[in-house]
């Protein structure tokens, strides 16, 4: 509850602002941006991060929880997947050319220029660095002072003329808030350093036409410069969500993370050891076109189900030899890559 109140208080304080006159210093917008990049770890360190794999806890306006998995090939591709027991799952794929949103059973191609421009920004963990690499035009606006922070204000303008307004803390040049052309806002309330590079660890997002706010909390398992299969960034659907038969049932073995192998039938997943001996069984129920639920068989029969013994799994993407998925079990969540055994 204290965390939620902190988010709400910070959000209200940032909204209650007053405009100050231009400051007397002569910092250019480029100098402000470069100083912010330096605070984030510096361009050299940021450039050295080629991939990132991050997981967030997401608090929704109705106070329910979801998990958000985000994978990036810096400057090239990104994937974002939201999985929740209560709400329909959503995945966004950007493979460097095509942007696709999959929500429950709906597939939407997002090929308008504004959406693709935003997708390019999403391929970077530090939006300040993205502005520089993508050569956004920078214009300094009048400074703004909030109750607890005094900010430089810089507009970043893309090639189409769309403007993103950025607020930088004068004490350290940290980016504290972003306002997008459509009115959406992101407020960065906390941050951490991983490999000497800044990552925002608590973010409040508000969206035009949506009541309440969406609070993101970064989990500790940040993975940088790890191998990420291109399958993650490729939408497998053209017009409707449907999982092929060789993924709905068959034999599978993990290719990353914990060594896992199992046989998936229409009703169960039978987990086996390296000698193909049965370890245990989970009961399986498909709850959506690409989503299924698992429950430990013994827990079900003994009426001892706990949040951790129930697993929600979503198939994200695949090719002819592999598939990738996201899962949630109580307070635990992760993604996994699997090989399809012939």
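Return yes when residue 88 is assigned to a loop (DSSP other than H, G, I, E, B) and either buried (at least 20 other Cβ atoms within 10 Å of the Cβ) or touching a strand residue (DSSP E or B) at 6+ places or on another chain (Cβ under 7 Å) (or both) and no when it is not. Judged against the criteria, residue 88 is a match.
Among the residues of the stretch 328-342, write down those that are buried (at least 16 other Cβ atoms within 10 Å of the Cβ) and more than 22 Å from residue 274 (Cβ to Cβ). Reasoning before the result, please.
Our first condition is that a residue be buried (at least 16 other Cβ atoms within 10 Å of the Cβ); within the stretch 328-342, this holds for 328-329, 333-338, 340.
Residues satisfying the conditions are 328, 329, 333, 335.
Residues of the stretch 247-258 that are within 26 Å of residue 109 (Cβ to Cβ), in contact (Cβ under 8 Å) with a residue 40 or more places away in the chain and surrounded by fewer than 18 Cβ atoms within 10 Å (Cβ to Cβ): none at all.
Considering the stretch 205-222 alone, what residues qualify as being within 23 Å of residue 156 (Cβ to Cβ) and within 13 Å of the chain's Cα centre (by Cα)? Selection gives 205, 214, 216.
Let me confirm something: among 149, 116, which residue is in contact with a strand residue (DSSP E or B) (Cβ under 9 Å, 6 or more places away or on another chain) and farther than 16 Å from residue 175 by Cα?
116
When the stretch 74-85 is filtered for residues that are farther than 18 Å from residue 326 by Cβ and either touching a helix residue (DSSP H, G or I) at 6+ places or on another chain (Cβ under 6 Å) or not in a loop (DSSP other than H, G, I, E, B) (or both), nothing remains. Look at the stretch 159-177: where a residue is assigned by TED's automatic domain parsing to the domain that holds residue 128 and a partner is assigned to a loop (DSSP other than H, G, I, E, B) and surrounded by fewer than 17 Cβ atoms within 10 Å (Cβ to Cβ), sitting 6+ places away or on another chain with Cβ atoms under 7 Å, you get 162/181; 163/181; 164/181.
For the stretch 205-243, residues that are surrounded by 14 or more Cβ atoms within 10 Å (Cβ to Cβ) and free of Cβ contacts under 8 Å to residues at least 40 places away in the same chain total 2. Just one of (1) over 21 Å from residue 152 (Cα atoms); (2) in contact with a strand residue (DSSP E or B) (Cβ under 6 Å, 6 or more places away or on another chain); (3) assigned to a strand (DSSP E or B) fails for residue 191. It is (1). Evaluate the stretch 310-322: report whether one residue or more is in contact with a strand residue (DSSP E or B) (Cβ under 9 Å, 6 or more places away or on another chain) and farther than 24 Å from residue 107 by Cβ. Among the residues of the stretch 310-322, at least one is in contact with a strand residue (DSSP E or B) (Cβ under 9 Å, 6 or more places away or on another chain) and farther than 24 Å from residue 107 by Cβ, which makes the answer yes. Out of the residues in the stretch 91-106 meeting the condition of being over 21 Å from residue 327 (Cβ atoms) and crowded, with 19+ Cβ neighbours inside 10 Å, tell me which one is nearest to the chain's Cα centre (by Cα). Result: 94.
The set of residues from the stretch 141-162 being in a strand (DSSP E or B) and buried (at least 18 other Cβ atoms within 10 Å of the Cβ) comprises 143, 144, 151, 152, 153, 154, 156.
Can you tell me which residue within the stretch 30-64, out of those that are in a helix (DSSP H, G or I) and under 22 Å from the mean Cα position of the chain (by Cα), is surrounded by the fewest Cβ atoms within 10 Å (Cβ to Cβ)? In this case the residue turns out to be 47. Among the residues examined, residue 186 does not qualify as under 22 Å from residue 133 (Cα atoms), out of contact with any strand residue (DSSP E or B) (no Cβ under 9 Å at 6 or more places or on another chain) and at pLDDT 95 or above. Filtered by the rule that a residue be farther than 20 Å from residue 67 by Cα, touching a helix residue (DSSP H, G or I) at 6+ places or on another chain (Cβ under 7 Å) and part of a strand (DSSP E or B), the stretch 91-131 gives a lone residue, 99.
The values are calculated or read from the model by the stated rules, or taken from the named source; none is laboratory data. Fair warning: this is a prediction, and the values are worked out from it, not measured in the lab. Virtual Cβ from ideal backbone geometry, glycine too; neighbours counted across all protein chains shown.
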